[in-house]
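In what follows, a structure is listed as structure tokens, so that the remarks can point back to it.
All of the numbers you see were taken from the coordinates with simple rules; none came from a lab. Note that the coordinates shown come from a computational prediction; the quantities given were computed from them, not determined experimentally. When we count neighbours, we look across all protein chains shown, and the Cβ atoms used for this are built from the backbone with ideal geometry, even at glycine.
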Amino acid sequence: MKNVPRLLEQFTPKHYDLFLAPDREASVFNGKVVVTADIPKPTTAVKLHAKGLNIKAAIINGQPVGSSLAEKNDELTLTAKEKLRGKAIIEIEFAGKITEHMHGIYPCNFELNGKKKQLLATQFESHHAREVFPCIDEPAAKATFDLTLTTPVGETVLANTPPRSQKKIGDSVVTSFETTPIMSTYLLAFVYGEMRSKEKKAKSGVLVRAWAIPDKVSQVDFALDCAVKILEHFEDYFRIPFPLPRCDFVALPDFASGAMENWGLITFREVALLVDEKNTSLDTKQEVVRVIGHELAHQWFGNLVTMEWWDDLWLNEGFASWIEAFAVDLLFPEWRPWENFVSTRYMSALSLDALEHTHPVQVPVPDPEEIRTIFDSISYNKGSSVIRMLHAYLGPEDFQKGLTHYLKQHSYKNTTTNDLWSALEQTSGKPVRKFMSVWTEQPGFPVVTVAPRQEQIELEQTRYFINPRVQKKKRDATVWPVPLRVNGDDILFDKKKGALSKPDSLTALNTGATGLYLLNFGDTLDGLAVRLPENQLERWTLLHNSFQLAKGSFLSTDKALDLLSRYSQEDNLIVWELISSQIGHMVRVFEDKEIRRAFRKLSVRLARKQLDRLGWDPKKDEDHFDQLLRPLILGLAAFGREETVIADGLRRFEAAKSPSDIDADLRSVVFSIAARHGEESSAYRKLLGWYRSARSAEDREILGGALTDFKQPELVEKSLALITTKDVRLQDIGQWVSGSFANRHAKQATWLWLKKNWSWVEDKLGQDMMMSYFPIFVGRTFATQEMLKEYDAFFSKRKTPGLARGIAQGRETLEWQMLWRERDIESVQRWLGLSPLY
Ligand code: BES
Ligand code: ZN
């Protein structure tokens, strides 16, 4: 394995004076950087990172030097005639290109009063600063920055810090920004163009502003309110003032990920920040709070204290992904964000980490190309789930104290996972490292078998692999410290086998779904199913565990179905999310007409009670969860071909002159009913028309989803063809492709499309993390031997460092789904034929 050479050791930057003059029309920029640095060992050659730059001149300590830019490892070597050592001042003039790829400096396109407009924005994480200026582009290479930007007159210019001075020169304005704090290159940012903002002050005096393109500024109020409240709370919780005088939140029309925590200049895709009370669904609104909480937390955890290297990326992302729920809980406790956490992050951690081709939370990153592949479910979801387990283990006070200690001790510096454990150990006096190291250093998680005896329960843990072929070939002797709750007491089960005195409740062993493991109750499940637990998270866990066990051949699928059939009285949102996703998954994997028909019936029967209760029409001032549950139940009923639901959906679709005539929470069900059951060509035309004229990013997402949901082959093709046109923004390609794969009428065509357009996709998304999900989209869509062969034939030649892990994960998913199908299809058929319902 090769290793990314670290450049910091031979050249330590202290300060950058960076001058940039982008030219929007020509899509290029000119720049000059003056780096004050230390060269610790005598040498004639120093290396910096640079990528795709045209180096025009380089000077070290006043003397011109030679330069050569190598593609390999993005290294710019400067060679002096005489040996250099100690303090050095390096000046480099360069030029670069502005491309649409949404990293480095990139354009965001929008229209204002019918005119085409463009913002220019930056995205430097993980290692794109080097595409804009020569630098040591490593998180540990912290320095201060003085940025000077030349931009057209009349535009708003934002950067990490407030402007120090502005000078008008001809048609341009030259803005010099105040010196930044000591920070990593990946956090540097600027945005300029036509934008408008609203602002508020936090109690501590920090100015908070929320920005959008001019005609969307009316949609920033909700975000602004949340941002101020969360910022105030974090100042209090971390016990460290916000490190800058001002914090900007900017909604960008084009954006690669969801949001980015640039210090003092947080950028978002529009759906993640803008809320328009009439046109934003509650679900999206919830996301907005969560994303703001996440990025604001990074301002301390990540920006003030930063991981030493990308192998500890999880520190950043795992922590922020945990505390986002904490932040939502503070503003909207009635939303019960920890349930949402279980249904999203926790569940997805258990799903990816069940593969042989998972990786430990702390993961070596030997190749720079691999950096982007670790912004994955393990770093975010297992990372945050592990933090949640630790928070429960330490209790809120010790956790908070340790955190403050950690942040204060390492402010403006870099850390490893170990530093966090040390701080928490110091303040709590508990063996944090001992508890956590297995969870973060080893891949996977255990399944704990619980066998009740007379007075006791016997316990045994083994690593859970969802793929039976892996179970056969792989021995994993890892023993995890498993937190169990026994009659109100916390116990750590940290042996392979053991016994406990019998608890009052078996389903409460993993209460709150806090522990990252599965419980296998064996035959005891039958008894537990008869009287479902009263606690919703215990009901969730029981059902979730049973399906995971069935998929991994620890339990026959009929048993999981027996359990499922007892959930018709269910009223909890996340349990319904689970029911609906499991039915969807089975229909996809078993792919059989009879099975599908039987699942349709089962869905309606299960959903009946909630359907009758909720109906189509939102009630005034209704419960948060009812509002979210309604579209889910209607969707399940529509899948079940419940005639009145379909008729009502179609009626709403036909009556609507524009999307805003339909309640924001119901748009997505109505559109998908229209796609599946409407008069196809007129429905398609209407949806496409709305898509093309959609002003809201959320509407565009939902309409895009509906356009990939048609069953007629010619419409499937039509939508696939749209992906490569201007109709689909680069930032939305992933959603279109995964949406199209999720449509069973489109999946084969999508596979052909992907193979045919692979080099186009690579060209558009090759540098983006989205790319590594593509093989996973394919893998989870299919479950047959034949497709496994096709998968291998196509992907075995494409295992680049950036794709290899995704390819292995996609393949493994396809394989275990195939084995599940082969093993249980008949018993599922039989079960559905009898299909009891309690
Ligand atoms: N630091 C990331 C953004 C990022 C991701 C940059 C990948 C470069 C590569 C940011 O903090 C983040 O995690 N954003 C999330 C949204 C968040 C609410 C989970 C995202 O973009 O998905
Ligand atoms: Zn993050």
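Modelled this way, with points 7 Å down the Cα-to-C-beta line, the labels at THR800 and ALA45 are 2.6 nm from one another. Under a cut-off of 19 Å between alpha-carbon atoms, report the lysines in cross-link reach of LYS609, not counting same-chain residues fewer than 8 places apart. The qualifying lysines are LYS601, LYS619.
Each of the peptides 111-119, 552-560 was scored by the mean count of other Cβ atoms within 10 Å over its residues; in descending order, highest first, they stand as 552-560, 111-119.
For ASP661 and LYS609, the FRET efficiency from 1/(1 + (r/R0)^6), where r spans their Cβ atoms and R0 equals 35 Å, is about 0.75. If the segment from SER437 to GLU717 were pulled out straight at 0.36 nm per residue, it would be longer than the present Cα-Cα gap by 95.8 nm. In sequence order, the stretch 123-140 has phi-based couplings of 9, 9, 6, 8, 9, 10, 4, 4, 7, 10, 7, x, 6, 8, 8, 10, x, 7 Hz under the Karplus curve 6.51 cos²θ - 1.76 cosθ + 1.60, θ = phi - 60°, and Gly or Pro positions carry x.
Hey, how much of the P(r) for the stretch 680-756 falls beyond 21 Å, as a percent of Cα pairs?
17 percent
The string of couplings for the stretch 234-250 from the Karplus curve (6.51, -1.76, 1.60, θ = phi - 60°) is 5, 4, 6, 5, 7, 6, 9, x, 4, x, 10, x, 7, 9, 9, 10, 10 Hz, one whole number per residue in order, with x for Gly and Pro. Placing a label point 7 Å from the Cα of HIS624 along the Cα-to-Cβ direction, the residues of the stretch 249-290 whose backbone N falls under 16 Å of that point are 281-290. Helical runs assigned H by DSSP (4 residues or longer) give the chain a calculated mean residue ellipticity at 222 nm of -13000 deg cm²/dmol, each run adding -39500 (n - 2.57) before division by the residue total. Exposure proxy ranking for ASP146, ASP617, based on other Cβ atoms within 10 angstrom of each Cβ and starting from the fewest, stands as ASP617, ASP146.
Based on the alpha-carbon gyration tensor of the stretch 135-288 and its eigenvalue square roots a ≥ b ≥ c, which shape applies: rounded if a/c is under 1.5, prolate if not and a/b is larger than b/c, or oblate? Since a/c reaches 1.5 but b/c is at least a/b, the shape of the stretch 135-288 is classed as oblate.
Which residue, chosen from PHE268, ALA297, ILE323, occupies the Cα position most advanced towards the positive end of the dipole of the stretch 262-331, where the dipole is computed from +1 (Lys, Arg) and -1 (Asp, Glu) charges on Cβ about the Cα centre? My answer, from the dipole projection, is PHE268. What's the center-to-center distance, using Cα atoms, between the stretch 443-514 and the stretch 277-333 in Å? Going from one Cα centre to the other spans 31 Å. Amide H to amide H distances under 5 Å link PHE145 with TYR16, THR180, where only residues 5 or more positions off or on other chains count and H is placed in the peptide plane. Measuring against 30 Å, Cα to Cα, the residue pairs LYS83/LYS167; LYS216/LYS657; LYS201/LYS285 contain LYS83/LYS167 as the ones spanning a longer distance. Going by neighbour counts of Cβ atoms within 10 Å, the residues LYS56, LYS620 line up, fewest first, as LYS620, LYS56.
Please report, in debye to the nearest 20, how large the charge dipole of the stretch 434-566 is about its Cα centre when each Lys and Arg carries +1 at its beta carbon and each Asp and Glu carries -1 there.
Details: 18 positive and 15 negative charges, 134 e Å.
Taking the Cα centre of the stretch 434-566 as origin, the dipole is about 640 debye.
The charge dipole of the chain, taken about its Cα centre with unit charges on the Cβ of Lys, Arg, Asp and Glu (plus for the first two, minus for the last two), comes to roughly 1200 debye. Each residue of the stretch 680-687 is assigned a 3J(HN,Hα), and the resulting list reads 4, 6, 6, 5, 4, 4, 5, 5 Hz, derived from the Karplus form 6.51 cos²θ - 1.76 cosθ + 1.60 (θ = phi - 60°), x at Gly and Pro.
Using only C-alpha atoms and all pairs of different ones, pull out the Kirkwood radius for the chain in Å with one decimal.
28.4 Å
Taking every alpha-carbon pair in the stretch 399-518 and binning the separations at 5 Å intervals from zero gives 2, 10, 17, 17, 16, 14, 11, 7, 4, 1, 0, 0 percent.
Placing a label point 7 Å from the Cα of HIS15 along the Cα-to-Cβ direction, the residues of the stretch 167-208 with a backbone N closer than 18 Å are 176-185. Residues LYS472, LYS747, arranged from fewest to most other Cβ atoms within 10 angstrom of their Cβ, appear as LYS472, LYS747. Let me know the shape class of the stretch 715-801, please: from the alpha-carbon gyration tensor, a ≥ b ≥ c as square roots of the eigenvalues, rounded when a/c is under 1.5, otherwise prolate if a/b is greater than b/c, or oblate. Oblate is the answer for the stretch 715-801, as a/c is 1.5 or above yet b/c matches or exceeds a/b.
Listed by chain and number, the lysines whose alpha-carbon sits under 20 Å from that of LYS711, ignoring those within fewer than 8 places in the same chain, are LYS593, LYS686, LYS747.
Distance between the pseudo-spin-label points of ASN109 and ASP38 (7 Å out from Cα toward the beta carbon): 4.8 nm. A Förster radius of 51 Å combined with the Cβ-Cβ distance from SER759 to GLU455 puts the calculated FRET efficiency at roughly 0.20. Within the stretch 17-31, list the residues whose amide N lies under 14 Å from a label point set 7 Å along Cα→Cβ of ASP171. Counting only backbone N, you get 22-27. Scoring 702-712, 723-733 by mean Cβ neighbours within 10 Å over their residues and listing the highest first yields 702-712, 723-733. Counting only DSSP beta bridges with both residues in the chain, the antiparallel share comes to about 80 percent.
Using alpha carbons only, the radius of gyration of the stretch 110-149 set against its Kirkwood radius gives Rg/Rh = 1.17. With the simple model of a label 7 Å out from the Cα in the direction of the Cβ, LEU8 to LYS117 spans 4.0 nm.
Need one word for the stretch 306-442: rounded, prolate or oblate. Basis is the Cα gyration tensor (sqrt eigenvalues a ≥ b ≥ c); a/c below 1.5 gives rounded, then a/b vs b/c decides. Judged from the Cα gyration tensor, the stretch 306-442 comes out oblate (a/c at least 1.5, b/c at or above a/b). Seen against the Cα atoms of the chain and their longest principal axis, helix 697-707 is set at about 50 degrees. Database remark: amide H of VAL365 closer than 5 angstrom to the amide H of ASP311 (H placed geometrically; neighbours at sequence offset of 5 or more, or on other chains; Pro and chain starts carry no H).
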